[in-house]
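Have a look at the structure below before the remarks.
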Ligand SMILES: Nc1ncnc2c1ncn2[C@@H]1O[C@H](COP(=O)(O)OP(=O)(O)OP(=O)(O)O)[C@@H](O)[C@H]1O
């Protein structure tokens with residue numbers, strides 16, 4: 001299987017703190033990989049390195065064979081990389097639909113210029129974005145709250161909006177940062193179904209999550225990180241059962 005995402009020898013340090021130490025990792029289409037490890041292991045930092053929040057010191061990141069490292073965040077996104085954030089970054093007073101339509105898109109000035117030069121083109125593009133948003137809301141079971149301000153949703157629904165925003169990008173690789181933290185009840189089930197369906201569509205998915213039950217139920221494989229290193233990769237049940245890893249996780 002040709003990997004969607006290929007990371008080789010990724011290093012990053014902040015002063016004396018090593019957040020990535022020779023990380024090699026591949027993510028394959030249609031597979032959900034759970035990234036686990038104790039607080040401070042470097043899981044979110046790895047997502048930040050992949051998505052371009054900060055640059056790596058060494059190593060390469062490829063998406064469908066194309067180098068991502070060195071590119072700005074929006075370029076990585078346009079090549080097919082999508083992610084969610086631990087703090088949701090929603091616009092609380094905007095409707096759910098508008099939250100999806102306000103993407104990491106063009107600058108306002110650019111829009112005005114294009115509106116002046118090609119008004120029909122801009123309108124047709126916006127109609128396309130709306131259709132896409134409506135389709136994504138259906139996939140994430142949020143159509144019923146499309147007109148509701150994001151602030152009025154339950155926390156679980158807000159988390160789903162975070163995922164829906166990421167899905168607006170026609171991603172080849174989706175990184176989910178703690179999608180289940182604080183999520184209960186129906187939203188929990190829906191989140192699981194949505195992530196599974198995204199993977200079934202051929203996307204390579206990677207999930208950082210402390211909820212081990214969610215990782216076990218959802219993921220095809222687990223990757224255990226500690227101190228910026230990938231220590232193990234394999235079936236989640238095996239990682240959870242490994243006393244060496246359990247000790248590192250719980251520090252017991
Ligand atoms: N921008 C930064 N500047 C300095 N140190 C940073 C920065 N980003 C992360 N770190 C440090 O890198 C280490 C790894 O943090 P990271 O958030 O990646 O861990 P994590 O495995 O995601 O933890 P958690 O499960 O608690 O979210 C921590 O010691 C953190 O303080």
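Odds and ends about this structure:
- Förster radius 30 Å - calculated FRET efficiency between residue 54 and residue 147, Cβ distance, rounded to 0.05: 0.20
- Convex hull projection area averaged over all views, region 1-107, Cα basis, nm²: 8.5
- Shape category assigned to region 155-224 from the gyration tensor of Cα positions, a/c cut at 1.5: oblate
- Most simply put, the chain has about 55% antiparallel DSSP beta bridges, counting only bridges with both residues inside it.
- Förster radius 30 Å - calculated FRET efficiency between residue 1 and residue 217, Cβ distance, rounded to 0.05: 0.85
- With helices as the sole contributors, the chain gives -12000 deg cm²/dmol at 222 nm; each DSSP H run of n ≥ 4 counts as -39500 (n - 2.57), and the sum is divided by every residue.
- Three-way shape label, region 1-42, alpha-carbon gyration tensor, a/c 1.5: oblate
- Nearest-0.05 FRET efficiency for residue 24 and residue 241, computed from C-beta distance (R0 35 Å): 0.90
- Degrees between helix 155-168 axis and first principal axis of the chain (Cα, 0 to 90, nearest 10): 80
- Prolate/oblate/rounded call for region 196-252, Cα gyration tensor, a/c under 1.5 rounded: prolate
Values in this text are rule-based calculations from the coordinates and carry no lab data. This one's a predicted model, so the numbers in the text were calculated from it and none came from an experiment. Because the Cβ atoms are built from the backbone with ideal geometry, glycine has one as well, and the counts that use them run over all protein chains shown.
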